[in-house]
Amino acid sequence: MRSPSPDLSGLTWRKSSYSNGGANNCVEVADGLPSVVPVRDSKAVAGPVLVVPAGAWAAFVAAVKG
């Protein structure tokens with residue numbers, strides 16, 4: 001059974017520090033949801049949002065930093 005989609009309205013998005021300000025590498029994430037991390041392409045803000053479980057996002061970030 002799928003969990004209901006979180007309400008993404010009103011979130012504050014921030015560009016990932018790994019995007020380095022480049023025009024072609026624009027990943028944004030939003031904070032404020034306790035169990036998930038929404039991720040989107042800043043060049044397509046009206047496009048789809050990938051909603052990642054917080055634990056999986058933390059593991060991904062740790063792997064990227066490592």
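Read the figures in this text as sums done on the coordinates, not as results from a lab. All values derive from a computational prediction rather than experimental measurement. Please note: Cβ atoms are built from the backbone with ideal geometry, for glycine as well, and neighbour counts cover all protein chains shown.
Computed values, structure above
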read-out: For VAL36, distant residues with modelled amide H under 5 Å away; value: ALA54
read-out: Potential extension, ARG14-ALA62 segment - 0.36 nm per residue separation minus Cα distance; value: 15.4 nm
read-out: SER5-LYS43 pseudo-label distance in nm [points 7 Å out on the Cα-to-Cβ vector]; value: 2.4 nm
